[in-house]
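Q: Structure in structure tokens, see below.
Values in this text are rule-based calculations from the coordinates and carry no lab data. On a predicted model such as this, the values are computed, not experimentally measured, just so you know. Reconstructed Cβ throughout: ideal geometry from the backbone, glycine too, with neighbour counts over all protein chains shown.
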Amino acid sequence: MRSSPRSTFFHYLRGHATKLLVGSVLVTAASLLATIPPRFIGAIVDDVTRRAPFSAIALLAGGMVVVALLEAVIRGNGRYQVIDSSRLTEYEMRNDLLAHLQSMHLGYFQRQRIGDLMARLTNDLTAVRQMYGFGILMTLMTMSLLVFSIAAMLQVSVKLTLISLLVMPVASMTFWAIGRRVQRKFQQLQAQFGDLSTKAQENFSGIRVVKAYSQEEPEIASFAAIDQEYVRRALDLAKFNGLIWPAMSFMIGVAVLLTLYVGGIDAIGGQLTIGQLIQFVAYLYLLSFPMIAFGEITNIFQQGWASLIRLQELFDADPAIADPIDPVERPIRGEVEMRNVSFAYGNTVVLRDVSFTVPAGGSLAVVGPTGSGKSTLVNLIPRLFDAQQGEVLIDGVNVQRYPLRLLRRAVGYVPQETFLFSVPLRENVGFGVEDALPDERLEWASDVAQLNKDVEDFPARYDTMIGERGVTLSGGQKQRTAIARAVAKDPRILILDDALSSVDTYTEAEILRRLRGVMRERTSIVVAHRISTVKDADEILVLDDGRIVERGTHLSLLEHNGLYAQMYRRQLLEEELEVGEEQAEHERRVRETPVEPTAFRPRMPSEGGMSEGPP
Amino acid sequence: MAMHGGHGGGGGGFFHEDEILGKAYDARLMRRLLRYVRPYAGLVVVALVLLLVLSATQIAPPIIAKFIIDQAITPAVAGRITPAEGLTTLGILGMLYLAILAANAGVRYGQGLLTAYVGQRAMYDLRIELFRHLQFLPLSFFDRNPVGRLMTRITNDIDALTEMVSRGVVSIFGDVFILTGVMIAMILLDHRLAIVTFLALPVVIGLTAYFRGIMRDSFRSIRIRLARVNAYLNETLSGISVVQLFTREGETFKRFDDLNVDLYRANEGAVRAMSTFQPAINLTRAVTSAALFLAGGYLILDGQLTIGTLLAFWQLIEQFFRPILDLAEKYNVMQAAMASSERIFRLLDTPRTVADPPTALELRHVRGEVTFDHVWFSYQIAAREAMPRSSEDPALQVRAGPQERSDHPRARPQAEPTDIGRDWILKDVDFTISAGESVAIVGATGAGKTAIISLISRFYDVQRGRILLDGVDIRDVKQHDLRRHIGVVLQDPFIFAGTIASNIRLNDATISDERVRAAAHFVNADKFIDRLPERYGTVVTERGSMLSVGQKQLLAFARAIAFNPEILLVLDEATSSVDTETEHLIQDALAKLMRGRTSIVIAHRLSTIQNVDRIVVLHKGRVVEVGTHRELLAERGVYHRLYELQYRAHQAV
């Protein structure tokens, strides 16, 4: 659809064709009117030379005012139409860009720096808008004034016209030469601006590390080096950019001089009246605007085009993960299967030939050393990435055949690293829920995630703003909010990707116990490091270097006496070391502690009723 | 994976400060801005002289044209001089005209380059000063300010100032020179016509004042809305995977569209005003021209004026109105720049509350005894202290100055009623860790463990009490020295854009490749590094997307060990996301590291603290128990309870 910057340019131009057309007609009409006053001026000069009556002069002066008034009204309206259309275009482009970016897969955002994206969405979008607005407006004014003035000049004197316009070819060649360089220099400058932003962003994000290692001075030096280059490129651009205006005004000056000189000779020779000469000069003044503007226009279009190319790069990025052509619109029950799945980030192979099945309502746990591919594995289920080989299936259908919306609705995902939005807590928890989250469900989800006690301490409870304008949450509170968010969605499949790392062990135990109640009829996939977290799962996968090296239940894996058993023994050993002689007593105490039933479930719209109500 | 900790990275909050929308001219800000131009004062003087020359070469052509008409063409046409004489005069004046045009172009180019140079250099200086200032601001400042906002300051706001220097200030000087020059020329040419022209002045001033008011309001509301749009965009992109996972694309888009429409509507006013202002000024100019020709025609008929003079006036009027036509644009540039400079200066005025005193001690040899002497600490108060200085700022009264430092707790600063009793994260914490001793800090989430680590590294200053290193208050020691002796592994591993090796040695060139490798080997990070395509030369991105959290943590370990294995190792639950096997290997490494070093380990996994000499149990900001593992278990207190819960988490769940 949009394959090149050119087609993108026209795509948005067409969007406001009527506005632009009306604007163009008005601006052109205004230019036509602008060529009338010079005639009056010439007439006045000739009248005073001829010593005509004052009334004739007064009439001409009055005519100038009337024409000027008309021109002002028409030009003002034309200008408004054109500029307004550029604002509309900017609005649409911004919306389109966000919509497109929202459809991009996770891999894209891992490569793209947010700082760079933002630079494109702000600076580049502004440059593009100026191209659509002032660029087009000035082009219209320039072209129409050029045509009408030259036509009027030819009426006065063909010879003078040809002589004074001698500068034109020189001017256009100059621009062509300068313009190309300006465009290149501008792109170089923009690229460096991106580097500068990235450096700043990285430094501010990692300020703790910078401080902890006393890296302030080296960081300043490295920032300064990038900044030096930025300034160098800015001045490099200025060297060429700065040529345009002086060159232009020089050439106009030369045109006026040629007119005065040659026209002066003609006037002395009697082929031309002084009034005609002045009228001609007046046309040159009219022309001077287009010629000066020409520099500005090239500038606007070059910068705008360079920016449009950068925006086009965003549009061109392939969503990679998109809705299928023939979607399977079937409610998801929750059976998850992987068949011979392999995955690589670039050259780094992360998953090798992974296969497993979790029946709907079943539970799967994934353990394994750091970097063994656990996160990637669970990322494939809601299609944050697509498997490069093999198939990921839900209810026997490849996940790629479900509409993304249907698929992701069915999955509750708690990522390893928590991201919350600067909105009230209520909205953060209800993030995955279509309409406003009912209070009972909000409180239920908070209870499952053990967030409810913290909420009591927040100034406005669930309406407390999260983030900078509100409360700053601790790491554990953030993770628990993310868990509540996933649970509130009432998912068929719940995925916890090492989602309890910042939660203390007591709270973790509470959360897990409640989740078990919630997940009784749902599929759960848990990535974890601790055996205690995973041992009750129906099946446990042990991943190592992207391969499933062991699988089975807790007991069967212990019997198998492999990596899992080794992990288990190590953890057990650690505990035993700590427990020492008091172990026996603790075990007795624990056995005596009754397991509370935690069967809080919200109203499930799909089930049409409430099986067990919240307390 | 694309998500990072924190609330939306850039935050919907940064339009807060973008709502500072100053006047187009603020003497106080301008004086301060001029300070950055001062080092280039010589160049500025040259630029101003060039600007004067430029204005003169601008005004000269219409006057030469007058002489061409009056001295060469008209007399020759009228037969008062011979055509040959006329042509000679015409030739001479023509050469002069050409020379002035050439001079004008040359001076314009030179002046433009010079201005760009001064602007870029001055803003370079400001940008570096700002970046440098930010480096030394306390962490509480970064807790409050999202990265996106700081980035806007250092890039867009400074760009707005560069724009002002080159397009705003200089062209305003140029305009003033031109206007003055034109007026002088007019009065000298013919004072009567000058008066006719000047009659337009009240109209122009009135129009300008009227539209300035409209435009000021429009620009202000545009900027607020633009900031909102961009803040929302930034947050959405930062949290894009959450948006996608929770299928909120539609809702997010709708909200964005609302903000976007709002911005478009705000623009409408400005566009309309601009579309009225320029034609109105143009009309004024045309009416002035008409009046000029009317009056001039009368005077010429009366024999009191030459045609050349009338035509010179007509051309000068063009020059007179040109600066006024782009006044609105300049106004916008100036207003944006003033708002930007206000925000930048506010940042620069943010006190370095955690600063080295002038008499800071150098710290050469450290034994490693750490004492918390009745320490009280609150993040909220620290954050308030890190606010920009302003006279009405209540935080001024609580800022910890050297004179306020004492063993006696100061009166509690005024706080919001809801904050009372809640914002102390550490309450009267008092303990000593002897040199070489290893201590674990244990407690539930929010007990204040992280604060202890942050305070020892002096990321924050305590509000009451003191922290002593070898008996010396750490606030009396140079921060650089203090931190050189402290190796820290933080909870959120942060990876810088660069290679694996550069992430271990950071910018310290004295750390050899061998040491980097040795450090990686020491923490068992070499295993996964060896599997990377370029091993230590593998490029990693800012968010370390190629690396898992565990791998990032291993890197952070390697960094701590490569960097600063000297005195004090402080760990902050960093082992919680590493799998058992790796954790075990790390613990081996730690045991080696802890030997002979004062070590403070924070872990809520009690299994990681079996090697320490002593355990400090924190509960709701207070030290409730201190002792060895066995002693504490025997005490059957908080530790015992924590321990039991831990045990239960492993066994009974």
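Q: Using only the Cα atoms of the stretch B:27-348, what are the Rg and Dmax in Å?
A: My reading of the Cα-based Rg and Dmax gives 26.4, 91 Å.
Q: For a quick size check, give me the Cα extents of chain A along its three principal axes, largest first, whole Å.
A: Ordered largest first, chain A gives principal extents of 124, 54, 49 Å.
Q: Across the protein assembly as shown, what fraction of all alpha-carbon pairs, as a whole percent, falls in each successive 20 Å bin from zero upward?
A: Final binned percentages: 10, 34, 29, 17, 9, 2, 0.
Q: Along the charge dipole of the protein assembly as shown, which of B:LEU311, B:ALA99, A:ASN347 sits closest to the positive end, that is, farthest toward it, with unit charges on the beta carbon of Lys, Arg, Asp and Glu (+1, +1, -1, -1)?
A: B:LEU311
Q: Continuing with the same structure: Per DSSP H run of at least 4 residues, take -39500 (n - 2.57); add these up for the protein assembly as shown, divide by its residues and hand me the 222 nm value, nearest 500 deg cm²/dmol.
A: On the way: 49 runs with 760 residues, N = 1268.
Value at 222 nm, helices only: -20000 deg cm²/dmol.
Q: OK, next. Which loop GluC sites (Glu not before Pro) in the stretch B:154-253, with loop taken from DSSP, have no more than 12 other Cβ atoms within 10 angstrom of their Cβ? Walk me through the numbers on the way to the answer.
A: On the way: sites: B:GLU163, B:GLU235, B:GLU249, B:GLU251; in loops: none.
Nothing satisfies the criteria.
Q: Over the alpha-carbon set of the stretch A:93-316, divide Rg by the Kirkwood Rh and report the Rg/Rh ratio to two decimals. Intermediate results must be reported in sequence, preceding the final value.
A: Values: Rg = 24.8 Å, Rh = 20.9 Å.
Over the Cα atoms of the stretch A:93-316, Rg/Rh equals 1.18.
Q: On to the next question. Near B:ASN260, within a Cβ-to-Cβ distance under 14 Å, what is the net charge of the other residues, with Lys and Arg +1 and Asp and Glu -1? Don't jump to the answer; show the numbers that get you there.
A: On the way: positive: A:ARG87, A:ARG94, A:ARG129, B:ARG225, B:ARG228, B:LYS254, B:ARG255, B:ARG265; negative: A:GLU90, A:GLU92, A:ASP96, B:ASP257, B:ASP258, B:ASP262, B:GLU268.
Here the charged neighbours net out to +1.
Q: Along the charge dipole of chain A, pointing to its positive end and built from +1/-1 on Cβ of Lys, Arg, Asp and Glu, which listed residue (A:GLN188, A:ASN95, A:VAL158) has its Cα farthest out?
A: Checking the options against the dipole of chain A, the answer is A:VAL158.
Q: Exactly which GluC sites (Glu not before Pro) in the stretch A:303-364 are in a DSSP loop and have at most 10 other Cβ atoms within 10 Å?
A: Listed in order of number, the matching sites are A:GLU329.
Q: Now a separate question. Students often get this wrong, so check it: of A:LYS478/B:LYS427; A:LYS374/A:LYS453; A:LYS453/B:LYS552; A:LYS478/B:LYS527; A:LYS19/A:LYS185, which have C-alpha atoms separated by over 26 Å?
A: A:LYS374/A:LYS453; A:LYS453/B:LYS552; A:LYS478/B:LYS527; A:LYS19/A:LYS185
Q: Relative to the longest principal Cα axis of chain A, at what angle does helix A:505-518 sit, 0 to 90 degrees, rounded to 10?
A: 90 degrees
Q: Okay, next question. Treating only the Cβ atoms of Lys and Arg (+1) and Asp and Glu (-1) as charged, compute the dipole magnitude of the protein assembly as shown about its Cα centre; round to the nearest 20 debye. Kindly include the intermediate steps, with their values, before the conclusion.
A: Values: 135 positive and 138 negative charges, 728 e Å.
Approximately 3500 debye in magnitude.
Q: Now for a separate question. Show me A:42-49, A:339-346 ranked by packing, highest mean number of other Cβ atoms within 10 Å first. Present the calculation step by step, with values, prior to reporting the outcome.
A: Details: A:42-49: 22.6, A:339-346: 15.8.
Packing order, densest peptide first, comes out as A:42-49, A:339-346.
Q: Pairs of Cα atoms under 8 Å, at least six residues apart: use those to get the relative contact order of the stretch A:50-138, whole percent. Let's see the in-between values first.
A: On the way: 26 pairs, mean separation 44.1, N = 89.
Dividing the mean separation by the residue count of the stretch A:50-138 yields 50 percent.
Q: Could you give me D for the stretch A:418-490, from Stokes-Einstein at 4 °C and 1.567 mPa s, where the hydrodynamic radius is the Kirkwood radius over C-alpha pairs? Units µm² s⁻¹, please. The partial results should precede the final answer.
A: Values: Rh = 11.7 Å.
Roughly 111 µm²/s, to the nearest whole number.
Q: Tell me the relative contact order for chain A as a rounded percent, counting alpha carbon contacts under 8 Å between residues six or more apart. It would help to have the intermediate numbers written out before the result.
A: On the way: 867 pairs, mean separation 82.4, N = 615.
Taking the mean separation of contacting Cα pairs over the length of chain A, I get 13 percent.
Q: Ok, one more. In the stretch B:18-106, which chymotrypsin sites (Phe, Trp or Tyr not before Pro) fall in coil by DSSP and have 16 or fewer other Cβ atoms within 10 Å? Walk me through the numbers on the way to the answer.
A: Values: sites: B:TYR25, B:TYR36, B:TYR40, B:PHE67, B:TYR97; in loops: B:TYR25.
Those satisfying the criteria are B:TYR25.
Q: Could you let me know the centre-to-centre spacing of the stretch A:1-64 and the stretch A:87-119, using Cα atoms, in angstrom?
A: Distance between centres, Cα-based: 40 Å.
Q: Run the numbers on the stretch A:418-490 and let me know its relative contact order in percent, using alpha-carbon pairs under 8 Å that are six or more apart.
A: Details: 92 pairs, mean separation 36.5, N = 73.
With pairs under 8 Å counted, the relative contact order is 50 percent.
Q: Between the helical axis of A:583-592 and the dominant principal axis of chain A, each derived from Cα atoms, what acute angle in degrees is found, rounded to the nearest 10?
A: Between the helix axis and the principal axis of chain A, the angle is about 80 degrees.
Q: Still on this structure, I have one more. Measuring from centroid to centroid over Cα atoms, what is the spacing of the stretch A:412-485 and the stretch B:299-336 in Å?
A: So the two Cα centres are separated by 64 Å.
Q: Further question: Across peptide B:58-70, how many C-beta atoms of other chains are within 10 Å of each residue C-beta, on average?
A: Values: counts 1, 0, 0, 4, 1, 0, 2, 5, 0, 0, 6, 8, 0.
Neighbouring Cβ atoms belonging to other protein chains average 2 per residue here.
Q: Among A:432-445, B:520-533, how do they line up by average Cβ neighbours within 10 Å per residue, starting with the highest? Could you put the intermediate results ahead of the total?
A: On the way: A:432-445: 18.1, B:520-533: 19.6.
The most tightly packed comes first, giving B:520-533, A:432-445.
Q: Give me the net charge of A:THR174's neighbourhood, meaning all other residues with Cβ under 12 Å from the Cβ of A:THR174; Lys, Arg count +1, Asp, Glu -1.
A: Values: positive: A:ARG180, A:ARG181; negative: none.
Charge balance near A:THR174 sits at +2.
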